[in-house]
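These notes concern the structure reproduced below.
The values are calculated or read from the model by the stated rules, or taken from the named source; none is laboratory data. Predicted model only: the values in this text are computed from it and were never measured. Neighbour counts are summed over all protein chains in view; Cβ atoms, including those assigned to glycine, are modelled from backbone coordinates with ideal geometry. Ligands, DNA and RNA are stripped out before the accessible areas are found, and what is left, the full protein with its side chains, is counted by its heavy atoms. Shrake-Rupley method; radii C 1.70, N 1.55, O 1.52, S 1.80 Å.
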Amino acid sequence: MYIYLAEFIATLFFAYVVIATGNPLAIGASLALILLLSYRLDIVTVNPAITITLAAAGKIAPTEIIPICVVQVLGALVALEIYKRYNL
């Protein structure tokens, strides 16, 4: 259950930085921050394409593909709503 929450928060943060700034340095820094903060978790991918690739490589169970991808899409949609409503 923690992996889903971590995926949601990481995707929300990353997508918000991408939407709000569009700055390559900020995007890279946010991705590096996510990886540094989540190094003790199993896998935080932030991207459905990476999730599917890791499942094909045997690093993630095939039954985890759909829930993780759904959580990532929901995190990105929440980031979009935060940006549209508050535009911080």
Among (1) touching a residue at least 12 places away in the same chain (Cβ under 8 Å); (2) in a helix (DSSP H, G or I); (3) under 14 Å from residue 12 (Cα atoms) - the single one residue 45 does not satisfy: (2)
Selection status of residue 12, modelled with pLDDT of 95 or more and under 10 Å from the mean Cα position of the chain (by Cα): yes
Identity of the residue in the stretch 8-42, assigned to a loop (DSSP other than H, G, I, E, B) and open to solvent by 60 Å² or more (accessible area, probe 1.4 Å), that ends up nearest to residue 79 (Cα to Cα): 21
Exclusive hit being exposed (fewer than 15 other Cβ atoms within 10 Å of the Cβ) and closer than 18 Å to residue 71 by Cβ, set 45, 53: 53
